[in-house]
1. In what sequence do 212, 343 fall when counting other Cβ within 10 Å, fewest first?
2. Need one number: % antiparallel among DSSP beta bridges in segment 143-274, to the nearest 5.
3. Express in nm, to one decimal, how much length is gained between residue 11 and residue 260 on full extension, taking 0.36 nm for each residue of separation and deducting their alpha carbon distance.
4. Considering the zone a paramagnetic label at residue 34 would reach in this model (a point 7 Å from Cα along the Cα-to-Cβ line), which residues of segment 209-248 have amide N under 12 Å from it?
5. Have a look at 221, 291, 254 and tell me which one the Gaussian network model of the chain (Cα, springs below 10 Å) gives the largest fluctuation.
6. Among 358, 376, 328, pick out the residue whose Cα is farthest towards the positive end of the charge dipole of segment 249-378, where Lys and Arg carry +1 and Asp and Glu carry -1 on C-beta, about the Cα centre.
7. Taking neighbour counts of Cβ atoms within 10 Å as a proxy for exposure, in what order, fewest first, do 74, 39 appear?
8. Run the dipole for the chain about the Cα centre, Lys and Arg Cβ at +1, Asp and Glu Cβ at -1, nothing else charged, and hand back the magnitude in debye, nearest 20.
Amino acid sequence: MLPYGRHWISEDDIRAVVDVLRGDWLTTGPMVERLERAIAGYVGSAEAVAVANGTAALHSAMFALAIAPGDEVIVPAMTFAATANCVVYQGGVPVFADVDPQGLLLDPAAVQARITSRTRAVIAVDYAGQPCDYRALRAITAPHGLALMADAAHALGAKDHGAAVGSLADLSTFSLHPVKPITAGEGGIVTTGDAQLAARMRRFRDHGIEREIFHGDGPWRYEMRELGYNYRLTDIQCALACSQLSRLDRWTARRQAIARSYDRALAEIPGLSPLAVRSGVSHAYHLYVVRLEPDVLGLDRRTLFAALRGEGIGVGVHYLPVHLHPFYRRRFSTGPGLCPVAEAAYENILTLPLFPAMTDDDVEQVIAAIQKVVQPCRA
């Protein structure tokens, strides 16, 4: 089965990890700061904070923004559950906003309609690897004094009019999961231009402890200032991520080349089309999502999914809108009709395999399988 995503580990990656294993520090050592500097430099932010995983990055950002019980945070319906979960971890209320029908990115008009006196922040999701319209979102959030955050788990390496994702919002979070643009095995990063927010997140990832105490009993003294978590990322993982970062631009270019091949093939198949890409965007293509028109294509998503799996193509579906998950229905009384664009899209989207290690033959295998499945249905 050709999966929808797969990591790519090189001999350089292995050597980088082995060097750490042979050194003096396995965790809380120099590789953590090295990764933070490298990511901050890559995206053009003043600060980067490394944490245990992408969900920890989201949670740390919510903590840094002091989201508290009863505070509302606007999130898109079309995303992975962690985007909303991080609000709930802080006792906040996720308010689900719809997405635009072309790219399934957070709709600024829907954000505007959801703002109340209790709104504290907006989380935009760079779905599939495409940056949201942060200029439009900033024009809405700034007059209300709201924090604008990017869940950029899909989008490391993407740009909007030349500006890198990671520098477009007040805080941006990234995932270093194996199928993401680069991996640490597991890991997360938060970038920000605010040194105070970064300092707060660094305490949060280490149990809320402040270690640089210049008074009291002696140099051994440390104090737990706030309730934090053990969200530290090891030097072993940071070494892997640093090594991978050196190849990110090449990998992004490869993802874009695969996407262009899919675009050309889909142009010949009525009823199956890619999501729209905003003008001026350099798309990271963590996911390649297609939209079905069952009446035109001659088959529905369930049938196409099963048929492609039968051909050895590991297609997927990203995502069930978060407000339709049982937890959110019970806890926040959400349900169908809340975000109709996201709900309608979910019924007819499919994710095709796309990762940098795919060969041209792999890409042709996917295209050939689609053509094989679709042509008899349209005959």
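Taken together, the values in this text are just the output of simple stated rules run on the coordinates, not laboratory data. These figures come from a predicted structure and were not determined experimentally. We place every Cβ from the backbone using ideal geometry, glycine too, and count neighbours over all the protein chains shown.
1. The order, fewest Cβ neighbours first, is 212, 343.
2. 75 percent
3. That works out to 86.7 nm of additional length.
4. Taking a point 7 Å out along Cα→Cβ of residue 34, the residues of segment 209-248 whose backbone N falls under 12 Å are 235-244.
5. 221
6. Of the candidates, 328 comes out farthest on the positive side.
7. 39, 74
8. For the chain, the charge dipole is close to 320 debye.
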